[in-house]
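The values are calculated or read from the model by the stated rules, or taken from the named source; none is laboratory data. Keep in mind it's a predicted model, so treat the numbers as computed, not measured. Methodologically, a virtual Cβ is constructed for each residue, glycine included, from the backbone with ideal geometry; neighbour enumeration extends over all protein chains shown.
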Amino acid sequence: MIKLANNIDKEPIEMRKVYTATLIELAKENENIVALDADLMSAIAMGDFAKTYPDRFINCGIQEANMMGVAAGMSATGKVPFAHTFAPFATRRAYDQLFLSAGYAELNVKVVGSDPGITAQLNGGTHMPFEDVGLMRLIPNAVVVEPTDNTVLKFVLKEAAKTYGLFYIRLSRKNSTKVYEEGSSFTIGKANTIREGNDVTIIAYGIMVKEALLAANILKEQGIEVRVLDMFTIKPIDKDAVIKAAKETGAIVTTENHNIIGGLGEAVAAVLAENAPIPMERVGVNDVFGKVGTQDYLAKEFNLTADEIVQKVKKVLERK
């Protein structure tokens, strides 16, 4: 059962601190859980984990590909490794090791890629992954998720810890927007309907869920009733929810903090093309590299805003 927060406010605790606290809790329950990092322990706030379990934390240094190999090897011995680094290095830089040593070998590796998309902010274009979801979707049987807020993050970590296989957890380190109340229950591979509407559906994940809700509020004032789906599991995509939305609302807009190539938009478009063709529009990064800037600046620069979603909704409704 999903319990929605009353207001669209920031979470009081950073996601990285929730990541560490939850991993410590899981490690108490399962002695096989280990944490690996590529010299970013302070960035992900893993100090408490390292102090609590010094023999179960490994700083692999700035050697991301090697870290994935180490994680795969530890999995082969029965461990449950959670390996973290910034998202471009967790995916792009270490892709062959992920694909072969973890994916092809069918091992139990959990990869945490932090600061996805524009949340990389001042780290700039080299650290700004707009392609990581696309890369990870291409690994057979990999699960690709981006927790919406702290409540979803805790759920995802617990599910990843007890579910065998390769997980890619796309994680914003800072304060997220609170969408769900504690006590909510979720299912990997199932979208959350967080707003009902019959005119059009907006499908979002990550930081764009907030923008989708803001857009829905704007559109409601204009007499347009919007359904909002939080597709926190990008792979496996919830085909049933997409098809249901297509048949019941007749128009869909996807929005994501990622390149429009290879991400949620393409996943949804494939489902629609094969099952329920309807008008669709995409909001996302339009096949360009990242830039340096604050998140607010970058959101406007790459059109990842509620206003852009509103314009795409109006466009798709004209085609409906």
For Ala215, state whether it is assigned by TED's automatic domain parsing to the domain that holds Val271 and not β-branched (Val, Ile, Thr). yes
Go through region 108-155 and report how many residues are in a loop (DSSP other than H, G, I, E, B) and modelled with pLDDT under 95. 1
If you check Lys158 against the conditions, is it part of a strand (DSSP E or B) and farther than 26 Å from Met280 by Cβ? no
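Does region 177-184 contain any residue that is among the small types (Gly, Ala, Ser), assigned to a loop (DSSP other than H, G, I, E, B), in contact (Cβ under 8 Å) with a residue 60 or more places away in the chain and not assigned by TED's automatic domain parsing to the domain that holds Ala50?
yes
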Check region 96-113 and report whether any residue there is farther than 21 Å from Phe49 by Cβ and touching a strand residue (DSSP E or B) at 6+ places or on another chain (Cβ under 6 Å). no
Just for region 292-311: of the residues that are among the β-branched types (Val, Ile, Thr) and in a helix (DSSP H, G or I), which one is surrounded by the most Cβ atoms within 10 Å (Cβ to Cβ)? Ile309
Of the residues in region 270-320, those that are within 30 Å of Pro88 (Cα to Cα), charged (D, E, K, R) and in contact with a Gly (Cβ under 6 Å, 6 or more places away or on another chain) number 2
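In this structure, is Gly73 within 24 Å of Asn286 (Cβ to Cβ), assigned by TED's automatic domain parsing to the domain that holds Arg16 and surrounded by fewer than 24 Cβ atoms within 10 Å (Cβ to Cβ)?
Judged against the criteria, Gly73 is not a match.
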Exactly one condition in (1) farther than 22 Å from Val268 by Cβ; (2) modelled with pLDDT of 95 or more; (3) touching a strand residue (DSSP E or B) at 6+ places or on another chain (Cβ under 9 Å) is not met by Lys158; state its number. (3)
Within region 64-99, can you find the residues that are part of a helix (DSSP H, G or I), within 18 Å of Arg137 (Cα to Cα) and touching a helix residue (DSSP H, G or I) at 6+ places or on another chain (Cβ under 7 Å)? Met68, Ala87, Pro88, Phe89, Ala90, Tyr95, Gln97, Leu98
Scope region 27-62; condition acidic (Asp, Glu) and either touching a Gly at 6+ places or on another chain (Cβ under 8 Å) or more than 15 Å from Val111 (Cα to Cα) (or both); matching residues: Glu29, Glu31, Asp39, Asp48, Asp55
Only unsatisfied item for Lys190, checking (1) out of contact with any strand residue (DSSP E or B) (no Cβ under 6 Å at 6 or more places or on another chain); (2) under 30 Å from Leu122 (Cα atoms), is (2)
Selected residue (criterion: surrounded by the most Cβ atoms within 10 Å (Cβ to Cβ)) from residues of region 92-133 that are touching a residue at least 40 places away in the same chain (Cβ under 8 Å) and more than 24 Å from Ile260 (Cα to Cα): Val109
